Amino acid sequence: MQMPVKTRAAEVSEQPTRELCEFLAAIRYESLPQAVVSRTEDLFLDWLASALAGRNARPIVAIEHFASLMGPAYGASEILTTRRRSSPFFAALVNGAASHFVEQDDLHNSSVLHPGTVVFPAVLAAGQHCGISGKALITAAVAGYECGVRVGEFLGRSHYRIFHTTGTAGKLAAAAGVAHVLGLNSDQTQHCIGSAGTMAAGLWEFLRDAADSKQLHTAKAAADGLMAAYIARDGFTGARQILEGAQGMAAGMSSDADPRRLTDGLGSRWALADTSFKFHASCRHTHPAADALLALVQENRLSADDVTEVVAHVHQSAIDVLGPVTDPQTIHQSKFSMGFVLALIALEGRAGLADFTEASLRDAQVRAFHDKVKMALDPEIDRAYPRRWMGRVTVKTRDGREIEKRIASPKGDPDNVLTRSELEDKALRLGQYAGAATEPEMKRVIARVWRLRDEKDVRDWLPAS
């Protein structure tokens, strides 16, 4: 059945949760623009490769061990890092954690949400359990992205200062995606979203301790979202106004919630198409400054030794997230250090997956450049954020010059997108990074993803161990 396309002005709906759930339940593959279908395939490959790159990481191994103790030793759903099969819940749990570890998974700018790392592990696990087609997986993923992005935008900047949006809005994103896999109607979807919302959590405090909570946020978002959908199918009820209600998410988690963001442009503005890919293997808040510095040193033929000071002009959220990391002590923490990332850019000309190592963490040159970097709030950049992630750096040199460089969009944004060739190269690097897959295996995965819309079954991406 063809879903009618709706075009809406930015009026406030009287029942935004209800209206959003009606839209999510009604999405059909036939109603999706081909550009959205193609972008979903792109994002699926990017997510799957990111999950493989989490293999053998200490936090992921701990969650894998938990899954092996608590979950079944068999099932239809793949745990990609170990190639074991398990139940949908535990596959979503591990894959959700693994795909967020190396900081290469996608990001949606205006919601500040990493949708792929919560939506794809949930819909793939459920889809393998139910035996769905590639078209059905694509459609479910679109529903998940639509829900999560809109909830993230609705909760606003005040929410993100304390809450990791991928752990909160991401739980509803996973729930909406699995609701579509299971064929839930609008009433069941609303109950599903209500249950996911009441479980939503994820606090930024972990950054100060270099704790592993970020992977727990995505693991639980994917698995709990899946749970919310399965129990809704069996009649479990949830709050009908979990988003806008007097004691709902906005009331407890936001001071600038905008209900218009939940329903504006339903069916005409596809959130998934606005999602960005990550080029550098670090927190997305570092990317605009990293791209600006890279362009500056290349255009002016500067070496790291030529630079005496770097000011990264940033939005407030970059300061909130990166500011606590003043002396990175772990590889993962170094990805949240503006000084460390810009040091790699200046010294290596990149900040790729293989550049964040124990050796670079202790490297005297990296540390020396790290100490030259500071962040400064830029009112123009802050006003544009989160709709646009602009970059600006000012560099002072040993010969007395002061040089500035601006960029409008970091590499990977929708207006500066990675090509399929670049995505293939990235996927090959990610898949082989921790030995999770061989080059021939990754090439087969890539070829299969490019024909995802024609796949009859989404099981068995890699041979079982």
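The values are calculated or read from the model by the stated rules, or taken from the named source; none is laboratory data. In this text the structure is predicted, and so the values were computed from the model without any measurement. Cβ placement follows ideal geometry from the backbone for every residue including glycine, while neighbour counts extend to all protein chains displayed. Side chains are part of the model used for accessible areas, which takes the heavy atoms of the whole protein and leaves out ligands, DNA and RNA. Shrake-Rupley method; radii C 1.70, N 1.55, O 1.52, S 1.80 Å.
Below, the figures for the structure above:
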quantity	calculated
Simple Cβ-charge dipole of the chain, Lys/Arg +1 and Asp/Glu -1, about Cα centre, in debye nearest 20	460
As computed over the stretch 400-465, the Cα convex hull volume per residue (Å³)	135
Zero-based 10 Å bins, Cα pair distances in the chain, whole percents	5, 22, 32, 25, 12, 3, 0, 0
The chain: relative contact order in percent, alpha carbon pairs under 8 Å with at least 6 residues between	21
Extent along principal axes [Cα atoms of the stretch 322-461; Å; largest to smallest]	61, 36, 29
Solvent-accessible area per residue, Å², over the chain with all protein chains present [probe radius 1.4 Å]	36
Nearest 10 degrees, 0 to 90: helix 186-199 Cα axis against the chain principal axis	40
Solvent-accessible surface (1.4 angstrom probe) belonging to ASP306, in square angstrom, nearest 10	60
Accessible surface of the stretch 316-453 [probe 1.4 Å, protein heavy atoms]: carbon and sulfur percent	49
Helix axis angle, 58-70 relative to the chain longest principal axis, alpha carbon, degrees	20
The stretch 190-258 - convex hull of alpha carbons, volume per residue in Å³	87
LEU45, LEU216, LEU302, reordered so the largest accessible area comes first (probe 1.4 Å)	LEU216, LEU302, LEU45
Equivalent-ellipsoid semi-axes of the stretch 300-401, from the Cα gyration tensor, Å, largest first	22, 18, 11
Between 0 and 90°, nearest 10: helix 287-300 axis offset from the chain longest Cα axis	40
Mean shadow area of the stretch 228-354, taken as a quarter of the surface of its Cα convex hull (nm²)	12.5
Inter-part distance where the stretch 234-248 and the stretch 297-327 are each reduced to a Cα centre, Å	43
Fraction of the pair-distance distribution of the stretch 61-131 above 21 Å, Cα-Cα pairs, percent	25
37 °C / 0.692 mPa s Stokes-Einstein diffusion coefficient of the stretch 20-141, Kirkwood radius on C-alpha pairs, µm²/s	220
Area of ILE403 that stays accessible when all protein chains are in place (1.4 Å probe, Å², to 10)	30
